[in-house]
Amino acid sequence: MKHVPFFICVLFLCSVHLLQAQYHHEWSVFLGVANYQGDLPEPHLELVESRLAGGLIYRWHAHPKWALRSQIIAGRISGDDLHAKSRNSRKFRFSTPLVETGVMLEWKPFGRRSQYFVGRYRPCLSPYLFAGVGVTYARPRPECYRDGMPPEFDPFFREMKQSWFLALPIGLGLRADLHPDLSIGLEVGQRPVFSDLLDGVSVSGNPERDDWYVISGLTLSWMIGTRQYRDINRQ
């Protein structure tokens, strides 16, 4: 029994060493588009309403198959009855800047294996899934542009105002590791917000169905840390 503390210390030191060996950071620049779906367009994404989005992503690769991810993405979403066949005479539209911050977990089903072959690096493709929780800030300002309406007419006077939304990002991606330090990727993720006020229209539209939005685009990623740790983690 007197040797138990010694073995515990050895086990602890080994665990710390393994964690350090697998520990590395990754930063990514994101550039893509944001699309909204709610009360204004048809019940599908309107590609003509795609708006630019960009941001910064940080990943902590604690395991070859798992990564903890945090991000901040800013962009804009919009919608217009002009693109809705069944409601284009209503002539509602909105546009709002959008900022999303979130924390999520990434799962790489095939891990990140070492891509070295006879001393040379060999690029590879790796799919991944992600899911988490986030907070989205938006300030929707709906308007009615119907001709002949008096200036004081406001079809949205019964609508509540909301600027902060709970979001649950969930999606998938595909990354290409081109170099031990550099990767590019493509991903798409849906964000339900559990609110019907992302577009500022609820009572005047369909209050029984919540809004959501999609962010998709490209990532450019690079590793931070010593080459030893980066290479060991790729196993």
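No value in this document is a laboratory result; all are computed from the given coordinates. Since the model is a prediction, treat every value here as computed from it, not as a measurement. Note that each Cβ is placed from the backbone with ideal geometry, even for glycine, and that neighbours are counted across all protein chains shown.
How much length is gained on full extension from Ile170 to Thr101, taking 0.36 nm per residue of separation minus their Cα-Cα distance? Working shown, then result.
Working: separation 69, 0.36 × 69 = 24.84 nm, distance 1.35 nm.
Value of the extension gain: 23.5 nm.
When Arg158, Arg69 are ordered from fewest to most other Cβ atoms inside 10 Å of their Cβ, what list results? Don't skip to the answer; put the middle values down first.
Values: Arg158 9, Arg69 20.
Ranked by crowding around the Cβ, least crowded first: Arg158, Arg69.
Once the Cα gyration tensor of the range 68-185 is found, what semi-axes does its equivalent ellipsoid get, as square roots of 5 times the eigenvalues, in whole Å, sorted largest first? Walk me through the intermediate numbers first.
Working: eigenvalues 414, 54, 25 Å².
For the range 68-185, the ellipsoid semi-axes come out as 46, 16, 11 Å.
Mean projection of the alpha-carbon convex hull of the range 32-233 over all orientations, in nm²? Please list the in-between numbers first.
On the way: hull surface 49.7 nm².
The number I arrive at for the range 32-233 is 12.4 nm².
Any chance you could check the Cα centroid distance between the range 203-223 and the range 46-92 for me, in angstrom?
Here the answer is 4 Å between Cα centres.
Using only Cα positions of the range 27-130, each an equal point scatterer, no hydration layer, compute I(q)/I(0) via Debye at q = 0.17 Å⁻¹ and quote the log10 values to two decimals.
-0.88
Arrange Met160, Met223 by Cβ neighbour counts within 10 Å, fewest through most, would you?
Working: Met160 11, Met223 23.
Ranked by crowding around the Cβ, least crowded first: Met160, Met223.
Over all directions, what mean area does the Cα convex hull of the range 26-81 project, stated in square nanometres? Can you show the working numbers first?
Details: hull surface 19.7 nm².
Hull-based average projected area comes out at 4.9 nm².
At each listed q (0.14 Å⁻¹), what is the log10 of I(q)/I(0) that the Debye formula gives for the range 130-217 modelled as equal alpha-carbon point scatterers?
-0.64
Expected output is a single nm value to one decimal: the length gained when fully extending between Tyr145 and Asp181, i.e. 0.36 nm times separation in residues minus the C-alpha distance. What is it? Show your work: numbers first, answer last.
Numbers: separation 36, 0.36 × 36 = 12.96 nm, distance 5.11 nm.
Taking 0.36 nm per residue and subtracting the Cα distance, the gain is 7.8 nm.
If you stretched the chain out fully between Glu42 and His63, how much longer would it get, using 0.36 nm times the residue separation minus the C-alpha to C-alpha distance?
Values: separation 21, 0.36 × 21 = 7.56 nm, distance 4.21 nm.
Separation in residues times 0.36 nm, less the Cα-Cα distance, equals 3.4 nm.
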